[in-house]
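Just so you know, all these numbers are worked out from the coordinates, no wet-lab data involved. Worth saying up front: this structure is predicted, and the values here are computed from it rather than measured. Every residue, glycine as well, gets a Cβ built from its backbone with ideal geometry; the counts of neighbours run over all protein chains shown.
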Amino acid sequence: MPGRNEGADAHRQRVRHADMCRPAQGTADSVEVKQQRHEAQLLPGLSDGRSISYCPTCSAPLGGSTRELLAALRASESRFRAAFADAGIGMALIDSDDRIIEVNPAFAAMIGHEVPDLVRTHIHDIIDPEENHRLHYLELVRGERDRLRVEKRLKHSDGRAVWSNVTISLIRDGSGHPLYTLAMVEDVTEQRLLGDRLAYQALHDPLTRLPNRTLFFERLNAAFMPVDGEAPPEARGTADLKHESGPGTGPGLLGGAATVTAEPRGADGRRARRVGLCYVDLDGFAAINETLGHHVGDQLLVAVAARLERAFSRDTERLVARLGGDEFAVLVADSASSEQLTSLAAELISALEQPFDIAGQQLVVTASVGVVERPVHDTTPTDLLKDADATLYWSKADGRARWTLYDPDRGAHQLTRQRLATALRPALERGEFTVEYQPLVGLADGAVHGAEALVRWRHPRYGTLSPDRFIPLAEESGAIVPLGKWVLEESCRQAQRWLAEFPDTEIFVSVNLAARQIWDSDVVADVAQVLENTGLPPRLLQLEITESAVLGPGGRPVQALQALADMGVRIAIDDFGTGYSNLAYLSRLPVHVLKLDGSFIEGFRDPAPGGRPDNRCRRADADEQIVGAMVQLAHALGLSVTAEGIENASQAERLRLTGCDTAQGWYFAKPGGAERVAAILRAGRVG
Ligand code: C2E
Ligand code: MG
Ligand code: MG
């Protein structure tokens, strides 16, 4: 029979239960609101038509007489026990000291134990503790959260790892204080291994098992990511993965695995991080494939890969990858210097030189290696790879079985013409051009009479570029007009300074004029303006033009030359002997000087001592006679002659004997800064 206070008891039970059984209703509600909502959900008992109520959230019996409640509780408990014992999912009840109170057979079987062995076991004996999960777990134990889902690695009794999804729920006592936790554990090892296998396959080459292009590009891009405290890169290119990605892979597949450690810092506290790459290609691999068959070729690749991996993937900052075919790469994400990379390349080559035992025969292969090494902030993954590719090609072109370090000058030569051409005008505005001067020496008196102005491009990335690299591009794009004008003004200003410092010597400056400057600009007005701006007397300016520039159709160049000559400027025909060499025509133009091309002078050597003259000597004799005849003819036409490319005393002496007037070449002085010319003038002699 229900007692007098049954209504009050039932209410107390309800309130207490509502406090204990905290359904996930959101945390913003006050305790009262939660209780009201919880009580509103309590259902009238259905079992015997009397007064037992059940919690809709946890199905606990909540009302009725003590006997009825006890019976209902026992029934509920045995249902729970049966569910606990028979569940296919692993379950464990854990106390506040992290010791297992109860565990079900499924859980014990999952980690290779018997149920009794696990009772009182500390959970860290079977679960790898992890700091980030630990924090959340402590929140749960303190009652600050009710549930936690984590992926955990359990230790199986045979030592292997069991991957599991674990849901941990907090169980509270009658007054709501945390009591136990209930862990429900699902074995996901199979899925996890499958995922790992797929990730491995996506990132590794199936033949050699080396990291593939995708992984290589991930690591390469990661090497460019800013490390802690470093400014993020500005609009850096990342290596293009579009064509390289395997199915189902994305750049984030490795997560944070490929981070780069901070380097030691220099005295200024900011030592630049560097990155290096050796791009390896086997020489003659196609021939091995064709003559011995693909089967042998494949085995060779496997053996090469194994040797490279064993010798060169020493630490996490180095990656040996197969980029495809017979191409491999060693990426050094924290390179110290170019020397480190070139000695690595040398080691690579000698490691591969040792014969391979393949299919009962000894195979000898060599490899070519392209090496690029530079500060991270100076490059992008795309450029690094592109330059490594170019450098590998140079190694092949230079004879294979060698390494080649990236050479900016050679690289610039191969840069797309478009790229350099578009960079020309902005470079002029940024002041990246300089002028060097090479003395023009009188052969009769050995004195410096003038100096040729030769432009250089101090490219911030490719170093100093010689005019052969960019003058043709500047001519094509028309940038030669402003560039040529700048050189003219710079050179005239310099000549005026020499004149001020050495008024007696009166040395002239000889400036190259491109055909397009004559055709496309008002060169006469420009020269006049520059002479006026700089104050240089016109007689101290010589303009060098090639024969082909004046031989074009129409009268414009001739008129321009005439106007310039009328101004008092001297005109020289540059590289004479390489074009039409039409002296008769040239003599009708206002031309004052012939500059004989260096190729004539090359043949000027000492005759073979004693003995019969050999072919070379005969050729030298012929050159000498031609030059002699040209000098005589030029003199007869009123022109003076300058010889280019004089590299030794013998050439200088023989030219002097032919009657050549002035000469220019490394024998006297290489092109250099204006100060070098001044130093020569001060010393009073060249050399
Ligand atoms: P160029 O006018 O015939 O200049 C002579 C070239 O021969 C220079 O090359 C010079 O450095 C090089 N040379 C001098 N002595 C020797 C020697 O003893 N042996 C050898 N093998 N070479 C020697 P650079 O400075 O590379 O200039 C190449 C060409 O670029 C010039 O040939 C000229 O045609 C053009 N160039 C240079 N500066 C300018 C410029 O301001 N405007 C224009 N339009 N063209 C320029
Ligand atoms: Mg010249
Ligand atoms: Mg020349």
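For this structure, a couple of remarks:
- Estimated inter-spin distance, Ser169 and Gln362, nm [label 7 Å along Cα→Cβ]: 7.3 nm
- Taken about its Cα centre, the stretch 87-192 carries a charge dipole of roughly 180 debye when the Cβ of each Lys and Arg holds +1 and the Cβ of each Asp and Glu holds -1.
- The charge dipole of the stretch 151-200, taken about the Cα centre with unit charges on the Cβ atoms of Lys, Arg (+1) and Asp, Glu (-1), comes to about 140 debye, rounded to the nearest 20.
- Overall dimensions of the stretch 303-461, expressed as equivalent-ellipsoid semi-axes from the Cα gyration tensor (√(5λ), whole Å, largest first), are 42, 21, 14.
- Listed residues Trp394, Tyr406, Thr379: farthest to the positive end of the dipole of the stretch 358-413 (Cβ charges): Trp394
- Range of Cα positions in the stretch 87-192 per principal axis (Å), largest first: 41, 29, 22
- Potential lengthening of the chain between Ala629 and Leu207 amounts to 144.9 nm, from the contour at 0.36 nm per residue minus the alpha-carbon distance.
- Rounded FRET efficiency, nearest 0.05, which uses the C-beta distance separating Ala287 from Glu190 and R0 of 30 Å: 0.05
- Computed on the Cα trace of the stretch 418-683, the radius of gyration divided by the Kirkwood hydrodynamic radius gives Rg/Rh = 0.97.
- Integer Hz, Karplus 6.51/-1.76/1.60 couplings in order for the stretch 436-450, x for Gly and Pro: 10, 10, 10, x, 10, 10, x, 6, 6, 10, x, 9, 7, 9, x
- Candidate aspartates and glutamates for bridging to Lys396, where Cα separation is under 17 Å - those fewer than 8 sequence places away on the same chain excluded: Asp281, Asp283, Asp326, Glu327, Glu353, Asp387, Asp407
- With each label modelled as a point 7 angstrom along the Cα→C-beta vector, the Val150-Ala525 pair spans 8.2 nm.
- Simple label model, 7 Å out from Cα along Cβ direction - Trp666 to Glu327, nm: 3.6 nm
- Highest mean packing first, where packing is the average number of other Cβ atoms within 10 Å per residue, the peptides 273-282, 580-589, 542-551, 182-191 line up as 273-282, 542-551, 182-191, 580-589.
- The stretch 271-406 - charge dipole about Cα centre, Lys and Arg +1 at Cβ, Asp and Glu -1, debye rounded to 20: 280 debye
- Residue separation of Tyr200 and Arg685 scaled by 0.36 nm, minus their Cα-Cα distance, works out to 167.4 nm of gained length.
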